[in-house]
Amino acid sequence: MVADSWGNTANGATCLQAPWNGGNNQQWKLDPVGNGSYHIVNRGTTTALDGAGNSTTGSPTIMWAENGSPNNEYTITAV
């Protein structure tokens, strides 16, 4: 399963998982925003993953236009 935009370009659209099919809606790029943070941007919709201000375990991840909010900034940590 992979993160999939389902082609929905609307701010607030839910990012859902789906089996890999190679489509642009399942491809993501990391856009550096400084301080080691990134926007995770969908190739098909150009919207970024966004936590919507939620910090509760199990909260959905939505997609939103890149906007400088910490809601759509992520750090990448090696494990």
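The values are calculated or read from the model by the stated rules, or taken from the named source; none is laboratory data. These numbers were taken from a predicted model, which means no experiment stands behind them. Positions of Cβ are generated from backbone atoms using ideal geometry, with glycine treated the same way; all protein chains shown enter the neighbour counts.
Just one residue in the set 53, 58, 22, 44 is within 13 Å of the chain's Cα centre (by Cα), assigned to a loop (DSSP other than H, G, I, E, B) and not β-branched (Val, Ile, Thr); that residue is 44. The combined condition, being surrounded by 13 or more Cβ atoms within 10 Å (Cβ to Cβ), in contact with a strand residue (DSSP E or B) (Cβ under 6 Å, 6 or more places away or on another chain) and among the hydroxyl-bearing types (Ser, Thr, Tyr), is not fulfilled by residue 75. Condition check for residue 30 on (1) more than 23 Å from residue 78 (Cβ to Cβ); (2) at pLDDT 95 or above: one failure, at (1). Just wondering, is there one or more residues in segment 1-24 that are among the acidic types (Asp, Glu) and closer than 17 Å to residue 65 by Cβ? The answer is no, given that none of the residues of segment 1-24 is among the acidic types (Asp, Glu) and closer than 17 Å to residue 65 by Cβ.
Looking at segment 66-79, which of its residues are within 10 Å of the chain's Cα centre (by Cα) and touching a residue at least 40 places away in the same chain (Cβ under 8 Å)? Within segment 66-79, 73 is the sole residue that qualifies. Which of the residues spanning segment 42-72 are surrounded by 13 or more Cβ atoms within 10 Å (Cβ to Cβ), farther than 20 Å from residue 2 by Cα and hydroxyl-bearing (Ser, Thr, Tyr)? The answer is 69, and nothing else. When segment 25-41 is filtered for residues that are outside any strand (DSSP E or B), surrounded by 13 or more Cβ atoms within 10 Å (Cβ to Cβ) and in contact (Cβ under 8 Å) with a residue 24 or more places away in the chain, only 26 remains.
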